[in-house]
Amino acid sequence: MRQTDIRRALIRWYERVRRDLPWRRTRDPYAIWISEIMLQQTRVAAVIPYYENFLAAFPDAAALACAPEEQVLAMWAGLGYYSRARNLQKAARTMDGGFPANYESIRDLAGVGEYTAAAISSIAFGLPHAAVDGNVRRVIARLTGSDAGIQPHADSLLDRSDPGRWNQAVMELGATVCLPRDPLCDHCPLAGFCGARREGRQSELPAKRAKPEPVHLTRTLLVIRRRGRVALTPSALVRGFWDLPEPFDTAAPGPVLASFRHTITHRRYTFEVRRAVAKSIPKNLRWFDGETLSEIPLSTIARKALGCLVV
Ligand code: ADE
C-alpha cells in the first residue's frame, strides 16, 4: 500500500512541476542516449545547448559513426571528460542494425554503465529497470532511512506502468528538492513517507563517500608568436585537441601575463600564462594563424589562456 501511495504522490508531483527538458520531448533512443551520456558528470543547464548542437550536427547514429573524430571532439569542447565523446562514436559504429533495444545490449555499448543502461532502456523503451545515480541514491537512502540495499529498494519501488517517467521523477526530486545540503522537505511530495525526515537524519543520509583530497598544481603555458601566428602543441590531456606549450629547452619565458584556475576531477590547477620567445620549436609543435585557431579543437585550457590575453 505504502509503495502505491509513494508512487502516486511522486508522479502527481512530477507531472505538475517537471522541467521541460529537450530530451523529455523525444522517444528516440539515439537522442536519449546522447542526453544520458552528456548528463554523466555534467549539470542539466550546461548540457542543454550541447545536446541541441550535437543532435543538429549528428542527427542519428549513422551520421555520428562516419563523422571525423576531430569534429565530434570539437562539438564536445567545454563539456569535459572527452572519453565520453570517443565512446559515443565507437558505440555508434556498432549500430548498423539500429539502436539496441534491450538492457543487456545497451549496457554493452562503450561508455554505458548500469545506471545509464537503466536510464536509456526505461526512458526510450519503457523497460523495467531502476536507474540509480547519486541523486536517486540520496532520495532512496533518505526515504528508507538507510544506506543499505539501495538498488533493491529502487527496484521494488519502480513504477512498472511507466518506468521511464518514474526514473525521471526520482531524478527530478533529487535534483530540485531532495538536495544534498538543506533539502526542501516542506516542498517534498514524499515528506510524509520519509524515514530520514521522521528521525531528523536528512543531513546524515546518505553517508558521504570519501573523496580524494584535492591536489593543487601550478603549470606554465607559453604564448609564442611569430608573424601573426601562435605555436600550439597536441594536448597531452585530451587526445585530438591542441594546447599552448609548456616550457621547453629553447624557449625563453617572459613575465607572467595572466593566471587562471582550472579543475580536472580532484586536480586544481593554477595556470600561469607567459609570453615567450623561442629560437626553434620542438617538432610536434605547429604554427596557427588567428583564422585557423577558430577552426581547430582547442582545449578549454588554451581557450581560457588566450581569452585572458585578449581582454
Ligand atoms: N540526469 C540524468 N538523466 C537525466 C534525465 N533524463 N533528466 C534529468 N536529469 C537527468
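If a residue counts only when it is of a type in the set (S, T, N, Q), which helices (runs of 4 or more DSSP H) contained entirely in the range 145-206 have at least 2 such residues? Full working, then the answer.
Numbers: elements: 150-157, 163-176, 195-199.
Qualifying helices (runs of 4 or more DSSP H): 150-157, 163-176.
Mind counting the residues in the range 1-47 that are open to solvent by less than 80 Å² (accessible area, probe 1.4 Å) and under 21 Å from residue 99 (Cα atoms)?
Count: 17.
Please indicate, with yes or no, whether at least one residue in the range 212-229 is touching a helix residue (DSSP H, G or I) at 6+ places or on another chain (Cβ under 6 Å), modelled with pLDDT under 95 and open to solvent by less than 80 Å² (accessible area, probe 1.4 Å).
Filtering the range 212-229 down to residues touching a helix residue (DSSP H, G or I) at 6+ places or on another chain (Cβ under 6 Å) leaves 221.
Narrowing further to those that are modelled with pLDDT under 95: none.
No.
When only residues in the range 1-43 that are in a helix (DSSP H, G or I), in contact with a Gly (Cβ under 9 Å, 6 or more places away or on another chain) and among the β-branched types (Val, Ile, Thr) count, which is nearest to the ligand (Cβ to nearest atom)?
Going through the qualifying residues, I end up with 32.
In this structure, does residue 1 turn out to be at pLDDT below 95 and within 26 Å of residue 158 (Cβ to Cβ)? Step through it out loud before you land on a result.
Details: at pLDDT below 95: yes; within 26 Å of residue 158 (Cβ to Cβ): yes.
Judged against the criteria, residue 1 is a match.
Just to be sure I understand the filter: pairs with C-beta atoms under 6 Å, separated by 6 or more residues or on different chains, first member in the range 179-195 and of a type outside the set (Asp, Glu), second member assigned to a loop (DSSP other than H, G, I, E, B). Which pairs pass?
Note: pairs meeting the criteria are 183/202; 184/177; 187/177; 188/177; 195/145.
Could you please tell me which pairs satisfy a Cβ distance under 9 Å, a separation of 6+ or placement on different chains, a first residue in the range 260-285 that is closer than 16 Å to residue 233 by Cα, and a second residue that is of a type in the set (Asp, Glu)?
282/249
Take the residues in the range 164-182 that are more than 30 Å from residue 125 (Cα to Cα) and either within 23 Å of the chain's Cα centre (by Cα) or of a type in the set (A, V, I, L, M, F, W, C) (or both), then tell me which one is nearest to the ligand (Cβ to nearest atom).
Here is the first cut: in the range 164-182, the residues more than 30 Å from residue 125 (Cα to Cα) are 180-182.
Now restrict to residues that are either within 23 Å of the chain's Cα centre (by Cα) or of a type in the set (A, V, I, L, M, F, W, C) (or both): 180-181.
Values: 180: 15, 181: 19 Å.
Out of the qualifying residues, it is 180.
Only one residue in 50, 81, 115 is among the hydroxyl-bearing types (Ser, Thr, Tyr), within 16 Å of the ligand (Cβ to nearest atom), at pLDDT below 95 and open to solvent by 10 Å² or more (accessible area, probe 1.4 Å), so which one is that? Talk me through it step by step, then tell me what you get.
Working: 50 fails: at pLDDT below 95; 115 fails: at pLDDT below 95.
Of 50, 81, 115, the one residue that is among the hydroxyl-bearing types (Ser, Thr, Tyr), within 16 Å of the ligand (Cβ to nearest atom), at pLDDT below 95 and open to solvent by 10 Å² or more (accessible area, probe 1.4 Å) is 81.
The values are calculated or read from the model by the stated rules, or taken from the named source; none is laboratory data. These numbers come from a predicted model, not from an experiment. Heads up, the Cβs are rebuilt from the backbone with ideal geometry, glycines too, and the neighbour counts pull from every protein chain shown. Heavy atoms of the whole protein, side chains included, go into the accessibility calculation; ligands, DNA and RNA do not. Shrake-Rupley method; radii C 1.70, N 1.55, O 1.52, S 1.80 Å.
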